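Below is one structure, written out as structure tokens; the observations come after it.
Any read-out appearing in this document is the output of simple, stated calculations on the displayed coordinates, not a laboratory observation. In this text, all values refer to a predicted model and were calculated from it rather than measured experimentally. Cβ placement follows ideal geometry from the backbone for every residue including glycine, while neighbour counts extend to all protein chains displayed.
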Amino acid sequence: MSFFSTKIQKKGIVIPNPLTQSIPERYKGARLPKIVTSCRLEPQKNLDLLINSFAEIASRYPTHMLYIYGEGMERSRLEMKALEMGLTDRIVFPGYSNHIFEDILQAALFVLPSNYEGISNSMLEAIALGVPTIATDCPVGGARETIVDGFNGILVPVGNKKKMVQAMIAVLSNQELSKNLSRNGALLREKLDISCIAERWLELIDQVALQPKQ
């Protein structure tokens with residue numbers, strides 16, 4: 001909203017995207033040694049940050065794998081990067097998935113390393129699924145609007161590998177934190193339920209329709 005004029009800001013409201021109704025129930029069992037992200041493989045997403053951070057913890061968590069779902073112009077370069085780092089057996093590029101919820105549901109961690117985002121639907125879905133989530137506190141602020149740091153996710157500064165590594169280790173090494181992030185994240189389902197979001201749109205439409213013409 002801050003990008004618009006003061007006049008528009010006074011009249012404007014922000015309504016978030018709803019969650020799809022097909023989202024499965026939160027997984028409550030032991031989590032797989034699997035770190036995931038799902039996005040376009042483009043420079044904006046700063047997947048180098050995720051790969052470099054994973055490389056820092058790979059020896060500490062020798063059974064964990066990194067899955068980067070999606071397609072884009074960066075795929076070949078990122079695959080070559082994984083090869084040069086000796087991590088081709090630990091970093092997987094499955095491409096697009098038609099069953100992404102099932103693919104990430106039991107993951108130990110979802111990471112969104114973007115340099116900037118409006119609001120990431122994949123982040124919203126991961127949090128609502130109960131997948132412990134780390135996101136960069138990137139402009140324009142969609143992650144900060146959604147995540148209460150340490151409660152339903154973890155925020156790290158944009159491009160900061162040290163903080164990203166610390167956050168990843170914090171979640172992977174602390175089952176209690178992981179469970180709390182999962183349980184609290186799933187509360188997002190109610191807030192972003194399609195019926196709740198639709199009701200906000202209807203209220204706005206009624207409000208606009210009742211305003212006198214100017």
Mind sorting out which of (i) 68, 47, 36; (ii) 48, 40, 31; (iii) 66, 35, 31 is the real Cα extents along the principal axes in Å computed from the coordinates? (iii)
Between residue 2 and residue 202, how many nm apart are label points set 7 Å from Cα along the C-beta direction? 3.4
Within straight cross-link reach of residue 81, meaning Cα distance under 19 Å, which aspartates and glutamates are found once same-chain residues fewer than 8 apart are removed? 42, 48, 56, 71, 89
Say we join alpha carbon atoms closer than 10 Å with springs in a Gaussian network model of the chain; which of 202, 129, 87 then has the biggest fluctuation? 202
List, in the order given, every pair from 45/163; 34/179; 28/163; 28/179; 45/179; 28/162 whose Cα-Cα distance in the structure shown is over 19 Å. 28/163; 45/179; 28/162
Distance between the range 170-200 and the range 87-143 - C-alpha centres, whole angstrom: 14
From fewest to most C-beta neighbours within 10 Å, the residues 190, 117 line up as 190, 117
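Counting alpha carbon pairs within less than 8 Å and at least 6 residues apart, what relative contact order, in whole percent, applies to the chain?
Numbers: 341 pairs, mean separation 48.6, N = 214.
The normalised contact order for the chain reaches 23 percent.
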Residue 96 label point, 7 Å along Cα→Cβ, cut-off 20 Å on backbone N: hits in the range 38-68? 38-45, 67-68
At q = 0.10, 0.20 Å⁻¹, what log₁₀ I(q)/I(0) does a Debye calculation on the Cα points of the range 1-114 give, no solvent, two decimals? -0.40, -1.08
